[in-house]
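Trainee: The structure under discussion is supplied below as structure tokens; questions concerning it will follow.
The values are calculated or read from the model by the stated rules, or taken from the named source; none is laboratory data. Just so it is clear, the model here is predicted, and its values are computed rather than measured. When we count neighbours, we look across all protein chains shown, and the Cβ atoms used for this are built from the backbone with ideal geometry, even at glycine. When the accessible area is computed, the model is the full protein with side chains, heavy atoms only, and any ligands, DNA or RNA have been set aside. Shrake-Rupley method; radii C 1.70, N 1.55, O 1.52, S 1.80 Å.
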Amino acid sequence: MALPAPADHDAPPRTPTPGQAWRTELAATRRLAVPVAMVQVGLMLMGVVDTMMVGRLSASALAAVALGNLYFFNVTAFATGMLMALDPVVAQAVGARDHDAIAHGVQRGVLLALLLTVPTALLMVPSAAVLRAFGQPAEVIDAASRFVWLSIPAIPAWLGFVVFRQTLQAMAQTRAIVLTIVIANVLNAGLDWALIFGHLGLPALGTDGSAVATTLSRWAMALLLLAAAWPRLRHALRPWLRDSARPAALWRLARIGVPIGAQQLLEFSAFGAIGLLMGRLGTVAMAGHQATINLASLTFMVPLGVGAAAAVRVGHAVGAGDAAGARRAAKAAMVWGIGFMLVSAVVLLLAPRALARLYTPDAAVVAVAATLIPLAGIFQVFDGLQVVSLGVLRGVGDTRVPMVVNVVGFWLVGLPIGVWLGLQRGMGPAGLWLGLVAGLAAVGVVLGLRVRHRLAGELRRLHHA
């Protein structure tokens, strides 16, 4: 099978100096991180376009679609995280030029995605009851629940896309992913326009039209990526290997993925819990929080891309038996990820009111957001540290300890402090956000120390034959 090896392994310099090796690693991490970050922004934009389009119908329609999208991504977070087990498995196999291991990893990823589709879909079914239990406004629950139901057919397409995306990233092949996301965004916007408002002779379906458009776009996304990357993927998917379906081997892959899925779910739900608590403080507090978290989410896409690049670069080095290269890749990722977030933090600290006004002209909301955005500035640095550290640890196959660190940091440190300061001590939105800062600081620092500990020891390749 003619599958690609890491770019640096194709024609390495004979004897690179430490300075040359460092500059090469910085450049390689940047080349991989930029398109991955673009893909993450593109995925966010699909949800943003959905909410912007239905926002022209009514405030309740906008709230229903935002809630439906939130429900979909929270429910799929565990399955998506589990499939990120492909990062170390495939990346290390690429680094070792082990083509059979690459094929086994990808094929087991496809099977795992199919197996995860059923329980994920079942969790979508009681959406109305769940939304009622969390005290969401009665006027949006029916529309939000229909959005979730109409999104169920998209689950296998979404999980299939994740398998192909993680595989291609592990091969350091990102062009097809970027192209697919661009086309999917254009298609989603066009379908939203036609199905929400009833253009091109189609019925005006309102919020249901947004759900149908998103579902069709997710299927197009999966199929387009498979088609565009077929020259790279076909050797991993054909011929189908009988060993790929061995239960013991699937279980080994799942054991790597379960902690990643749990970590993602715990982090998402912690932020969601802060949002629900913010709702208890009133509409203005919630609006200010939403503007701030949206801003922080946009800047987060860059270190998220760097973290994904770190998983790949470190995985390649571990697979090739290059411990020094793995340490160099981890350091390069830290420089890019934390460096960007330091710059971002300075911007947020210096211009909170100007940034808040980009989201709303409402003076009361601007006032709340302007108190939260500087806290988001402090939050940035620790967020960059934790997400890059997670990528490095994923590259070496270390997934269980990060899950425990997330539980402790977010749920035993961040949330209790936020509740105490925000609700009991009367600090309001700022108190809840200080809890987020404390939780992220704890997670970031401990994961950074974990990276240091793991890279100082022996680095062994994962074997999942």
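Trainee: Residues of region 424-453 with backbone nitrogen within less than 17 Å of a virtual label 7 Å along the Cα-to-Cβ line of ARG400, please, listed as ranges.
Mentor: 450-451
Trainee: Another question about this same structure. Could you check the spin-label model distance between ARG452 and ARG56? Points 7 Å from the Cα along Cα→Cβ, value in nm.
Mentor: About 5.4 nm, to one decimal.
Trainee: So what's the net charge close to ARG132: Lys and Arg +1, Asp and Glu -1, counting the other residues with Cβ under 14 Å from its Cβ? Show your work: numbers first, answer last.
Mentor: On the way: positive: none; negative: GLU139, ASP142.
The answer is -2.
Trainee: Net charge within 11 Å of ALA363 by Cβ-Cβ distance, Lys/Arg positive one each and Asp/Glu negative one each, not counting ALA363 itself? Working shown, then result.
Mentor: On the way: positive: ARG353, ARG357; negative: ASP362.
Overall, the nearby charge balance is +1.
Trainee: Next up: Count the net charge of all other residues whose Cβ sits under 11 Å from the Cβ of ASP192, scoring Lys and Arg as +1 and Asp and Glu as -1.
Mentor: Details: positive: ARG56; negative: ASP50.
Result for the neighbourhood of ASP192: 0.
Trainee: Suppose R0 equals 45 Å. What FRET efficiency, 1/(1 + (r/R0)^6) with r the Cβ-Cβ distance, do LEU223 and ARG460 give to the nearest 0.05?
Mentor: Working: r = 37 Å, r/R0 = 0.83.
According to the calculation, E is roughly 0.75.
Trainee: In the chain, with Lys and Arg counted as +1 and Asp and Glu as -1 at Cβ, which of these residues, GLN424, VAL365, ILE102, has the Cα nearest the positive end of the dipole, that is, farthest along it?
Mentor: Result: ILE102, furthest along the dipole toward the positive end.
Trainee: A follow-up question, please. For region 52-163, what does the relative contact order come out to in percent, with C-alpha contacts under 8 Å and a separation of six or more? Intermediate results must be reported in sequence, preceding the final value.
Mentor: On the way: 91 pairs, mean separation 44.9, N = 112.
Relative contact order comes out at 40 percent.
Trainee: Next question, about the same structure. Compute the long axis of helix 86-95 from its Cα atoms, compare it with the longest principal axis of the Cα atoms of the chain, and write down the angle in degrees, 0 to 90, nearest 10.
Mentor: On a 0 to 90 degree scale, this one is about 30.
Trainee: Could you work out the relative contact order of the chain, using alpha carbon pairs under 8 angstrom and six or more residues apart, expressed as a whole percent? Don't jump to the answer; show the numbers that get you there.
Mentor: Details: 747 pairs, mean separation 100.5, N = 465.
Relative contact order comes out at 22 percent.
Trainee: Ok, one more. Compute the long axis of helix 99-124 from its Cα atoms, compare it with the longest principal axis of the Cα atoms of the chain, and write down the angle in degrees, 0 to 90, nearest 10.
Mentor: Here the helix axis deviates by roughly 20 degrees.
Trainee: A further question on this structure: Just the accessible area for THR17, please: 1.4 Å probe, Å², rounded to the nearest 10?
Mentor: 70 Å²
Trainee: For ASP362, what accessible area in Å² do you get when you roll a 1.4 Å probe over the heavy atoms of the protein chains, rounding to the nearest 10?
Mentor: Around 70 Å² of this residue is reachable by solvent.
Trainee: Could you state the number of Å between the C-alpha centres of region 312-390 and region 154-215?
Mentor: Centre-to-centre (Cα) distance: 27 Å.
Trainee: Leaving out ligands, DNA and RNA but keeping every protein chain, what accessible area does GLU267 have, in Å² rounded to the nearest 10, with a 1.4 Å probe?
Mentor: 20 Å²
Trainee: Treating only the Cβ of Lys, Arg, Asp and Glu as charged (+1, +1, -1, -1), what charge dipole size does region 85-173 show about its Cα centre? Round to the nearest 20 debye. Please report the intermediate quantities before stating the final value.
Mentor: Numbers: 5 positive and 5 negative charges, 8 e Å.
With Lys and Arg at +1 and Asp and Glu at -1, about 40 debye.
Trainee: Over region 122-271, what is the mean sequence separation of C-alpha contacts under 8 Å (at least six apart), divided by residue count, expressed as relative contact order in percent? Please list the in-between numbers first.
Mentor: On the way: 105 pairs, mean separation 34.4, N = 150.
About 23 percent, as a whole number.
Trainee: Using a 1.4 angstrom probe on the protein heavy atoms only, could you order MET427, MET278 from most to least accessible area? Walk me through the numbers before you get to the answer.
Mentor: Numbers: MET427 85, MET278 0 Å².
Largest to smallest exposure gives the sequence MET427, MET278.
Trainee: Moving on. In the chain, if the dipole is taken from +1 on Lys/Arg beta carbons and -1 on Asp/Glu beta carbons about the Cα centre, which of LEU62, PRO88, ILE338 is farthest to the positive end?
Mentor: PRO88
Trainee: Kindly identify region 317-463 as rounded, prolate or oblate by the Cα gyration tensor criterion: order the square roots of the eigenvalues as a ≥ b ≥ c, call it rounded if a/c is under 1.5, otherwise compare a/b with b/c, prolate if a/b is larger, else oblate.
Mentor: In terms of gyration-tensor shape, oblate.
Trainee: Still on this structure, I have one more. Assuming R0 = 60 Å, what is the FRET efficiency of ALA351 and HIS199, from their Cβ-Cβ distance, to the nearest 0.05? Mind showing how you got there, number by number?
Mentor: On the way: r = 39 Å, r/R0 = 0.65.
Efficiency computed from Cβ-Cβ geometry: 0.95.
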